[in-house]
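Taking it in order: structure first as structure tokens, then the write-up.
Just so you know, all these numbers are worked out from the coordinates, no wet-lab data involved. From a predicted model like this one, the values you see are computed outputs, not experimental measurements. Note: ideal-geometry Cβ built from the backbone for every residue, glycine included; neighbour counts use all protein chains shown.
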């Protein structure tokens, strides 16, 4: 009888461990989808007409548009060409932000657009390209400990708490700016 009881407890512990392991694997799989770039993803075919900047809320890995083209062309009927001066300016900002914040240009473009959309219901209208320029300008020279997403969230919190754009950027510059 004691042997059977000990065996029952081992079976219960094994079942509990298996359930815990399954839950952990499920959680990791869910979090894995939140990363910047998937480890391996089947490339989807995207019709360029469907990837028009005004129709694309989030820039996917498979998008035929560059992050700079997409961000500079948001709200427009057609994508601007790579040679467009605004696309080139945004490409430079994205490259600088990538160096400073160590996130991909695609994710930085997505976060800039997302922040612009998050501010709008609060009566704050800021273009994604302006946000990109502002948050890129406050960063240190390279390798911030905080990512662009974290700095964006801090900016959002400041702005919706009635802090002006100038004050919010000054606060962020104090916290994340380059030290002399």
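Full-extension gain between residue 126 and residue 84, please, as 0.36 nm times their residue separation minus the C-alpha to C-alpha distance.
On the way: separation 42, 0.36 × 42 = 15.12 nm, distance 2.16 nm.
Going from the current span to full extension adds 13.0 nm.
Remind me, relative contact order of the stretch 48-176 in percent, using alpha carbon pairs under 8 angstrom and six or more residues apart?
Numbers: 160 pairs, mean separation 26.8, N = 129.
Value for the stretch 48-176: 21 percent.
Taking the Cβ-Cβ separation of residue 162 and residue 58 as r and a Förster radius of 41 Å, what is the calculated FRET efficiency to the nearest 0.05?
Details: r = 29 Å, r/R0 = 0.70.
Using R0 = 41 Å, I get an efficiency of 0.90.
With each label modelled as a point 7 angstrom along the Cα→C-beta vector, the residue 174-residue 99 pair spans 2.8 nm. Relative to the globular-protein estimate of 2.2 N^0.38 Å, the Cα radius of gyration of the stretch 77-180 stands at 1.05.
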